[in-house]
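The block underneath contains the structure these notes are about, expressed in structure tokens.
The values are calculated or read from the model by the stated rules, or taken from the named source; none is laboratory data. Note that this is a predicted model, so its numbers are computed, not measured. Every residue, glycine among them, receives a Cβ derived from its backbone with ideal geometry; neighbour counts consider all protein chains shown.
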Amino acid sequence: MDKPNLLKRLIDYGNSDFYPFHMPGHKRQWKSKFGEGIPNPFLIDITEIDGFDNLHHPEGILKDSMKWAADVYGSDKSYYLVNGSSCGILSSIGGTVTNGGTILMSRNCHKSAFHGVFLNRLKTEYVYPQLVPDFGVQGGLSAKKIQALLKNHPDIQAVFIVSPTYDGVVSDIKAIAEVVHKFQKPLIVDEAHGAHFPFGKASGFPVSALELGADLVIQSLHKTLPSFTQTAIVHGKRGFVDLAKLERYLQMYQTSSPSYIMMAGIENCIRYMVEEGQREMKDFSKRLHEARCRLQKMKCLRILGEEIKGKQDVFDLDISKIIISTRGTGMSGNELGERLRNHYHLEMEMCGFDYVTAITTFADTDEGLSRLCNGLLEIDEELYEMNGIEDGKQTVMCGEHLKSYEGMDLVMRLNKKPESRFSMYEAMDAPRHRVNIRKAQGKVSAEFIYVYPPGIPIVTPGEVMDKGIIELIEAYKRQGLSVQGLEDEDSEEVLVLSDER
């Protein structure tokens, strides 16, 4: 086997004509304004030497920098994260719920939230997002459902939700915050995919959860802004949150050797957005609307648009996430992703059962957006012609048989709450053994099983594997899609409890 050389592969890929419709948000446009003045990284890679402060006990330049950031965002305190949003999520959960306590979570949380539940031995109550049936993507979260859960479970200490979703769906955060605060609880919002919201609201993008009443908001700067991968920020408001306790957990989950390159990158990113970014967001909004108008002309493929607002608890939509549905075309999302990659050198963020997700940011070039539109329109025309034309009329209209598509029923089952027999921490620490997934019906899972999209865990440790769960796993595997969380890399076997007591 040839000796691996990751650096060379990265350089070769960076010099190729492959275009990124995925994270990070800078889109490798280092020659643009937000990359000017960045020196050789080895020249500025230091440790906590005199004059450069300490992230775990900031008293100087880092303290001043984070206070400046808090003033920009309108938080009481903001904290730089060099371990990604994951450490902000873990710290927020640990900082608001006592060990062994109860948290209310949206079921579509990032896996780090579930890890926080395990590490703190928490009990969970779940609120499920609705699903948009025509596209199979997650809808929004209902404030009324959250209110009912808080009323029926007074032991809940905090509420943790995701908005926007991976697909750009935004819930009514203001209404949810009002409900949560009525019960004197803190609201934590994973806004990892909405780091651009604070700088884009004047351009028609959604309003940040921080402005709508959330108490802790975690944002991944690297996902949609010009910042290095792994950089993020958490904003806190006093009142329902003990920020000193949050800081203790941040010291646990942040590395003790934080990268000054990353921290400088966070500050540089925010400064750019304050000085130039809002103008860039206005220009981006215009270019994005033009691209989406072109894609509205597709006959078979369909683009998720603002028509879903007001349905399935969708309050708003981040249109920078371009969701293209293949449902009813005879082509899977995975096949569309491969076609875009192999024939057009366009790399999508995610490929699912019957749609692909392209992440766009203001760093995208006109040439890149044009290539995406041209590629999708060409593929769409081919699909239209393949469906057959007789006497000038389409004999089989694209999308006509949506309801017969296998993925539709399976995705809708994700809103079915599995039976839970044990808490997550009990199941993960209990004796377990492996069984073939097809023979696991009725057994209690000892591990997570995630399917993407839409990213909702279909089973967590302590929950029962039923027939629907097994069918869903097998269906995803048939499509060649990712089934994650299992220790078995081939996704053939699952760990189940050996003794259910």
Practice prompt. Could you grab the pairs with beta carbons closer than 6 Å, sequence gap of 6+ or different chains, first residue in the stretch 223-240 and farther than 20 Å from LYS321 by Cα, second one in a helix (DSSP H, G or I) and among the hydroxyl-bearing types (Ser, Thr, Tyr)?
Written response: HIS235/TYR73
Response to the item:
Only one of GLU487, GLU492 is at pLDDT 85 or above, closer than 26 Å to GLY337 by Cα and surrounded by fewer than 17 Cβ atoms within 10 Å (Cβ to Cβ), namely GLU492
Practice prompt. Output the number of residues of the stretch 180-196 satisfying the condition of being outside any strand (DSSP E or B) and either among the acidic types (Asp, Glu) or surrounded by 24 or more Cβ atoms within 10 Å (Cβ to Cβ) (or both).
Written response: 8
Fill in: Residue within the stretch 134-145 that is touching a residue at least 40 places away in the same chain (Cβ under 8 Å) and either assigned by TED's automatic domain parsing to the domain that holds PHE448 or assigned to a strand (DSSP E or B) (or both) present
yes
Practice prompt. Within the stretch 467-484, count every residue that is touching a strand residue (DSSP E or B) at 6+ places or on another chain (Cβ under 6 Å) and modelled with pLDDT under 80.
Written response: 1
Worksheet item: Which residues, counting only those in the stretch 140-169, are farther than 22 Å from GLU349 by Cβ and small (Gly, Ala, Ser)?
Response: SER142, ALA143, ALA148, ALA158
Practice prompt. Quickly run through the stretch 456-470 and pick out the residues that are closer than 24 Å to ASP167 by Cα and part of a helix (DSSP H, G or I).
Written response: ILE469
Item to complete: Considering every residue within the stretch 399-422, establish whether at least one is of a type outside the set (A, V, I, L, M), modelled with pLDDT of 90 or more and either crowded, with 19+ Cβ neighbours inside 10 Å or within 19 Å of ILE324 (Cα to Cα) (or both).
Response: yes
Practice prompt. Taking TYR476 as the residue in question, decide whether it is in a strand (DSSP E or B), buried (at least 17 other Cβ atoms within 10 Å of the Cβ) and either of a type in the set (Val, Ile, Thr) or under 24 Å from the mean Cα position of the chain (by Cα) (or both).
Written response: no
Item to complete: State yes or no: is GLY328 touching an Asp or Glu at 6+ places or on another chain (Cβ under 6 Å), among the small types (Gly, Ala, Ser) and outside the structural domain of VAL169 (by TED's automatic domain parsing)?
Response: no
Item to complete: Identify the single condition in (1) closer than 22 Å to LYS123 by Cβ; (2) touching a residue at least 40 places away in the same chain (Cβ under 8 Å) that ASP429 does not satisfy, given that it satisfies every other one.
Response: (2)
Worksheet item: Quick one: VAL162 ticks every box in (1) without any contact (Cβ under 8 Å) to a residue 60 or more places away in the chain; (2) of a type in the set (Val, Ile, Thr); (3) more than 30 Å from LEU301 (Cβ to Cβ) bar one, so which box is it?
Response: (3)
Fill in: Selection within the stretch 103-158 - of a type in the set (Gly, Ala, Ser) and farther than 17 Å from ILE456 by Cα
ALA143, ALA148, ALA158
Discussion item. Given the condition touching a Lys or Arg at 6+ places or on another chain (Cβ under 8 Å), outside the structural domain of CYS373 (by TED's automatic domain parsing) and assigned to a helix (DSSP H, G or I), answer yes or no: does some residue in the stretch 4-19 qualify?
Written reply: yes
Item to complete: Hey, could you check the stretch 436-455 for residues that are in a strand (DSSP E or B) and of a type in the set (S, T, N, Q) and say which is surrounded by the most Cβ atoms within 10 Å (Cβ to Cβ)?
Response: SER445
Item to complete: Just one of (1) surrounded by 14 or more Cβ atoms within 10 Å (Cβ to Cβ); (2) within 27 Å of the chain's Cα centre (by Cα); (3) in a loop (DSSP other than H, G, I, E, B) trips up ASN99, so point out which.
Response: (1)
Item to complete: Consider only pairs whose beta carbons are under 7 Å apart and that are at least six residues apart or on different chains; among these, list those whose first residue lies in the stretch 260-286 and is without any contact (Cβ under 8 Å) to a residue 24 or more places away in the chain and whose second residue is of a type outside the set (S, T, N, Q) and in a helix (DSSP H, G or I).
Response: none
Worksheet item: Just checking, which of GLU290, GLU247, GLU211 is farther than 22 Å from GLU36 by Cβ, touching a strand residue (DSSP E or B) at 6+ places or on another chain (Cβ under 8 Å), of a type outside the set (Gly, Ala, Ser) and at pLDDT 95 or above?
Response: GLU247
Fill in: In the stretch 218-227, the residues that are in a helix (DSSP H, G or I) and of a type outside the set (A, V, I, L, M, F, W, C)
HIS222, LYS223, THR224
Worksheet item: Which residue out of ALA69, ALA113 is among the hydrophobic types (A, V, I, L, M, F, W, C) and under 23 Å from TYR272 (Cα atoms)?
Response: ALA69
Worksheet, complete the sentence: Residues of the stretch 319-339 being out of contact with any Phe, Trp or Tyr (no Cβ under 7 Å at 6 or more places or on another chain), of a type in the set (Lys, Arg) and either surrounded by 22 or more Cβ atoms within 10 Å (Cβ to Cβ) or not in a helix (DSSP H, G or I) (or both), in sequence order, are LYS321
Item to complete: Could you grab the pairs with beta carbons closer than 9 Å, sequence gap of 6+ or different chains, first residue in the stretch 471-482 and assigned by TED's automatic domain parsing to the domain that holds ARG438 and on the phi > 0 side of the Ramachandran plot, second one of a type outside the set (Asp, Glu) and assigned to a helix (DSSP H, G or I)?
Response: GLY480/ASN334
Item to complete: For residues that are under 26 Å from SER227 (Cβ atoms) and touching a strand residue (DSSP E or B) at 6+ places or on another chain (Cβ under 6 Å), scanning just the stretch 342-358, find the one that is surrounded by the most Cβ atoms within 10 Å (Cβ to Cβ).
Response: VAL356
Item to complete: Would you mind listing the helices (runs of 4 or more DSSP H) fully within the stretch 228-318 where at least 1 residues are more than 30 Å from SER91 (Cα to Cα)?
Response: 278-295
